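Asks: The structure follows.
A short reminder: the numbers here are calculations on the coordinates, not readings from a lab. Keep in mind the model is a prediction, meaning the values are calculated, not measured. Cβ coordinates were reconstructed from backbone atoms using ideal geometry, including for glycine residues, and neighbour counts include every protein chain displayed.
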Amino acid sequence: MCEYNKDIVIDILNQIKQSIDLIIERASTIKTADGFVNSKEGLEKLDAICMRLLTIGESLKQIDKITNKTLLKMYPEIEWDKAKRIRDIIAHHYFDIDEEIVFLICKEKLPEMQKVINKMLNDLKL
């Protein structure tokens, strides 16, 4: 296994955890994907959530760079490449964002990622 500064990675993982927590909280009142696009408040939540998804994807790319792509591979239960690609879609093709996909990410994918990020943090602190 490659050597890297675990403190930096732990800081990044904590930032990802904070973003996931905020997204889950913001999405808690959205009951369907249409809830993101049927009101001004829904669109504001969609924008805020997308910004956090972008930061998560960018942070995952940083972790890959710092760990020489070794850390995320140790936790294959998450589709890390897809999480990183959503960042590219948001950054470069914002008007192509599908609220159905964002809804699925918020309701299904992020709670799974939250558990794995917590496990990673615990593993790194040992």
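Asks: Below 18 Å, Cα to Cα, which lysines can K40 reach? Residues fewer than 8 away in the same chain don't count.
Replies: Cα-Cα hits under 18 Å: K31.
Asks: Right, next: Determine, for V9, V37, the number of other Cβ atoms within 10 Å of each Cβ, and report the residues in order from fewest to most. Before the final figure, lay out each step's value.
Replies: Values: V9 18, V37 10.
Starting with the residue having the fewest Cβ neighbours, the order is V37, V9.
Asks: Using Cβ counts within 10 Å as a stand-in for footprinting exposure, how do Y94, Y75 rank, fewest first?
Replies: Details: Y94 11, Y75 14.
Ascending Cβ contact count within 10 Å gives the list Y94, Y75.
Asks: For the chain, what does the relative contact order come out to in percent, with C-alpha contacts under 8 Å and a separation of six or more?
Replies: Values: 107 pairs, mean separation 46.6, N = 126.
Relative contact order for the chain comes out at 37 percent.
Asks: Can you show me the helix-derived [θ] at 222 nm for the chain, built from DSSP H runs with n ≥ 4 at -39,500 (n - 2.57) apiece and divided by the number of residues, rounded to the nearest 500. The partial results should precede the final answer.
Replies: Numbers: 5 runs with 84 residues, N = 126.
It lands at -22500 deg cm²/dmol.
Asks: Tilt of helix 6-27 relative to the longest C-alpha principal axis of the chain, in degrees (0 to 90, nearest 10)?
Replies: The answer is roughly 20 degrees.
Asks: Work out the FRET efficiency for R26 and L104 from their Cβ-Cβ distance, taking R0 = 22 Å, and round it to the nearest 0.05.
Replies: On the way: r = 15 Å, r/R0 = 0.70.
Between R26 and L104 the formula returns 0.90.
Asks: Under a crude label model (7 Å from the Cα following the beta-carbon direction), how far is N5 from T55 in nanometres?
Replies: 2.0
Asks: Looking only at the stretch 96-126, which residues have a backbone nitrogen under 17 Å from a spot 7 Å from the Cα of Y75 in the C-beta direction?
Replies: 106, 108-126
Asks: In the structure displayed, which of K84/K109; K65/K109; K6/K45 lie more than 21 Å apart, Cα to Cα?
Replies: As for pairs spanning more than 21 Å Cα to Cα, those are K65/K109; K6/K45.
Asks: Fewest to most neighbouring Cβ within 10 Å: what's the order for F36, F103, F95?
Replies: F95, F103, F36
Asks: Same structure, new question: What is the angle, in °, between the Cα long axis of helix 40-66 and the longest principal axis of the Cα atoms in the chain? Nearest 10 is fine, range 0 to 90.
Replies: 20
Asks: From a point 7 Å beyond the Cα of Q15 in the direction of its Cβ, which residues of the stretch 70-103 have a backbone N at a distance under 17 Å?
Replies: In the stretch 70-103, the label zone of Q15 (backbone N under 17 Å from the point 7 Å along Cα→Cβ) covers 72, 84-85, 87-88, 91.
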